[in-house]
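The values are calculated or read from the model by the stated rules, or taken from the named source; none is laboratory data. Note that the structure is a prediction, hence the values are computed from the model and not measured. Heads up, the Cβs are rebuilt from the backbone with ideal geometry, glycines too, and the neighbour counts pull from every protein chain shown. To get the accessible areas, we keep the full protein, side chains included, count just its heavy atoms, and leave off ligands, DNA and RNA. Shrake-Rupley method; radii C 1.70, N 1.55, O 1.52, S 1.80 Å.
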Amino acid sequence: MENSQSFYICLYRGENGKNLGHALSNSADFPEKISKDVTIDQVNVGTNFGTIFDLFCESMLGYMDILPFIAIIGSVITDGIQNAELTEFCESNSVNTIRRDQSDIFEIGVNNYSEYRSIEVRRKSAQLVSKQVPKMLLIGIVGSLDHYLAQIMKEILKKFPAMISDSDKTISVRDIFKSGSLEEFKDFLLDREIESVTRSSFEDQIDWIEKRLNIARKIKDDYANWLSLIEVIERRNLFAHANGLVNDIYIKSLNASGSEAVKMKKGDELFASPKYFKASLDNICEFGVKILQVSWRKLHQKETALADDSLGDFGYKLIERGEYKLASAVLDFAVNGLRGKTVEARRRMDIVNLANAYKLDGREAEAMKTLDAEDWTIVSDQFAISVAAIRGDIATVLSYMRRLSQSGEWDGNTLEEWPVFVHVRDDLPFRAEFEKLFGRKYVPQETNKYKLIRKTIRRSRSGPSSKKTDRTSTRRQPNLVLIEGEKK
């Protein structure tokens with residue numbers, strides 16, 4: 001018998017027994033087999049630019065969820081070899097052990113020296129990996145931004161092909177005859193033009209986009225973290241071409257950008273510490289979101305509503321992941337950095353989420369200022385209860401809880417899942433009223449439901465002193481069937 005309070009997951013296996021994919025539904029009615037041509041959660045996003053923006057956001061979320069784990073795995077391996085393998089070797093082969101308060105001395109037969117050397121070689125290799133992995137990851141993140149800048153350029157040239165014909169580059173007869181059709185020739189010209197631009201500096205690429213889209217004010221003048229972004233780009237270049245060793249190009253580029261943070265001298269080695277890595281990821285994500293949104297709106301003005309939804313939804317996903325500072329930057333851009341919101345409900349939704357991001361980040365004054373700037377007297381019950389929850393107004397929250405439950409609009413799940421209710425979820429009257437209205441105990445969504453990787457990291461660290469940084473993140477699961485098959 002199916003339970004209205006349950007959802008169902010069907011795991012599909014292939015002939016070899018391996019996991020082939022899974023399906024999610026609000027009922028137990030699943031097909032026996034999975035189809036290879038199942039469409040995954042397709043949404044009409046208008047032109048190709050909507051897809052480009054969503055893919056960029058998904059890639060950034062993927063980095064946030066997974067890369068911090070990979071970035072420290074080298075040091076974890078090093079610790080494992082040094083603290084586990086070496087200790088086991090010493091304990092197993094010692095013929096005499098001297099125990100001291102801060103150290104142990106093991107006497108080991110010379111016939112075991114070869115095995116010790118093997119362990120030492122692996123330890124040094126792991127130490128090298130622990131230094132190189134974060135460098136490679138930074139190269140990947142910046143490379144992702146490069147890719148999406150190229151996608152912007154491609155969309156610009158597709159929309160305005162005359163820009164290609166105006167180019168002063170020559171075309172050989174050989175290139176013309178190599179193309180099998182007119183469309184192939186157009187693609188050749190398009191790719192050649194983009195390749196030419198992407199070979200230039202990062203700043204030149206941004207300048208190219210600004211000029212083609214008639215952006216009057218320089219992007220770098222409006223982007224507060226521009227100098228830090230340039231440093232990340234230049235450090236990526238050092239990692240890719242100089243193993244992180246500072247050279248004249250790095251120093252010259254940062255001096256030219258106006259940065260006063262260049263305290264390195266030629267030959268110094270740069271790294272990507274966890275703090276630097278996280279700050280760089282946030283910087284690239286924020287800049288990428290902003291330039292993609294501006295370009296999208298410039299190229300396809302009729303898709304402003306779609307762009308608004310994609311931007312606001314991404315800000316919400318960042319809140320879910322506990323990325324409150326980045327979420328507030330993205331949502332502030334949605335609320336205050338763009339013109340021409342086409343849907344009032346979307347605008348208010350972004351304002352509520354922005355205020356919530358501020359408060360979750362510990363910026364109470366900014367949260368209240370954001371809410372106080374709007375008139376919330378004539379809004380839907382959903383907005384009213386959300387605003388009350390952020391303010392911590394329990395009496396008003398309880399009042400709207402009763403109205404929403406009596407109207408049948410809410411079944412209680414929303415109160416357990418929306419991030420705005422983090423601020424009242426521990427209040428005893430709130431929990432008591434919930435149980436009275438919905439006939440069950442209040443069970444808020446588990447915190448950090450997207451933090452599996454981080455939990456794995458914490459478990460890999462020894463000792464009780466590991467700091468917990470869990471933040472509450474919740475959102476209701478849609479009743480959709482999603483299939484995630486293996487990539488061929």
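With every protein chain left in place, what is the accessible area of residue 250 in Å² (1.4 Å probe, nearest 10)?
10 Å²
Heavy-atom accessible area of residue 266 with all protein chains present, probe 1.4 Å, nearest 10 Å²?
Counting only protein heavy atoms, the figure is 130 Å².
Would you mind putting 294-301, 89-96 in packing order, based on average other-beta-carbon counts within 10 Å, highest first? Walk me through the numbers before you get to the answer.
Working: 294-301: 19.1, 89-96: 13.1.
By packing density, highest mean first, the sequence is 294-301, 89-96.
Please give the FRET efficiency for residue 344 paired with residue 255, using the beta carbon to beta carbon distance and R0 = 35 Å, rounded to the nearest 0.05.
0.15
From the backbone phi of the range 227-241, what are the Karplus-calculated ³J(HN,Hα) couplings (6.51 cos²θ - 1.76 cosθ + 1.60, θ = phi - 60°) in whole Hz, Gly and Pro given as x?
Whole-Hz 3J(HN,Hα) from phi for the range 227-241: 4, 5, 5, 4, 5, 4, 4, 5, 5, 4, 4, 5, 4, 6, 10.
Using a 1.4 Å probe on the protein chains only, how many percent of the accessible area of the range 329-455 belongs to carbon and sulfur? Write out the running numbers ahead of the final one.
Working: 3140 of 6120 Å².
For the range 329-455, the apolar C and S fraction of the accessible surface comes to 51 percent.
Lys and Arg at +1, Asp and Glu at -1: add these up for the other residues within a Cβ distance under 12 Å of residue 118 and post the number.
Details: positive: 117, 122, 123, 124; negative: 85, 115, 120.
Taking every Cβ under 12 Å from that of residue 118, the sum is +1.
In whole Å, what are the Cα extents of the range 286-411 along the three principal axes, biggest one first?
Principal extents (Cα only, largest first): 46, 31, 26 Å.
Identify, among 338, 327, 404, the residue whose Cα sits farthest towards the positive end of the charge dipole of the range 322-413, taking +1 on the Cβ of Lys and Arg and -1 on the Cβ of Asp and Glu, with the dipole about the Cα centre.
Highest projection toward the positive end goes to 338.
Compute the FRET efficiency between residue 190 and residue 114 as 1/(1 + (r/R0)^6), taking r as their Cβ-Cβ distance and R0 = 56 Å, and round to the nearest 0.05. Kindly include the intermediate steps, with their values, before the conclusion.
Details: r = 60 Å, r/R0 = 1.06.
Plugging the Cβ-Cβ distance into 1/(1 + (r/R0)^6) gives 0.40.
Using alpha carbons only, how many angstrom separate the centre of the range 277-294 from the centre of the range 186-239?
13 Å
Just the number please: accessible area per residue for the range 334-437, 1.4 Å probe, all protein chains included, in Å².
That works out to 47 Å² per residue.
Heavy atoms only, 1.4 Å probe, whole protein assembly: order 431, 199 by accessible area, highest first. Before the final figure, lay out the partial values.
Values: 431 75, 199 185 Å².
Descending accessible area places them as 199, 431.
Kindly sort 141, 378, 215 by accessible area of their heavy atoms, largest first, with the probe set to 1.4 Å. Before the final figure, lay out each step's value.
Values: 141 0, 378 150, 215 35 Å².
Of 141, 378, 215, the descending order of accessible area is 378, 215, 141.
Between residue 409 and residue 136, what's the calculated FRET efficiency when r is the beta-carbon distance and R0 is 51 Å? Round to 0.05.
Details: r = 50 Å, r/R0 = 0.97.
About 0.55, to the nearest 0.05.
Once a ≥ b ≥ c are taken as the square roots of the eigenvalues of the Cα gyration tensor of the range 347-405, is the result rounded (a/c under 1.5), prolate (a/b larger than b/c) or oblate (a/b not larger than b/c)?
Values: a/c = 2.12, a/b = 1.53, b/c = 1.39.
Cα axes put the range 347-405 in the prolate bin.
How far is the Cα center of the range 305-374 from the Cα center of the range 389-409, in Å?
22 Å
Starting from the Cα-Cα distance between residue 221 and residue 443, subtract it from 0.36 nm times their residue separation and give me the gain in nm to one decimal.
Numbers: separation 222, 0.36 × 222 = 79.92 nm, distance 4.70 nm.
Gain on stretching residue 221 to residue 443: 75.2 nm.
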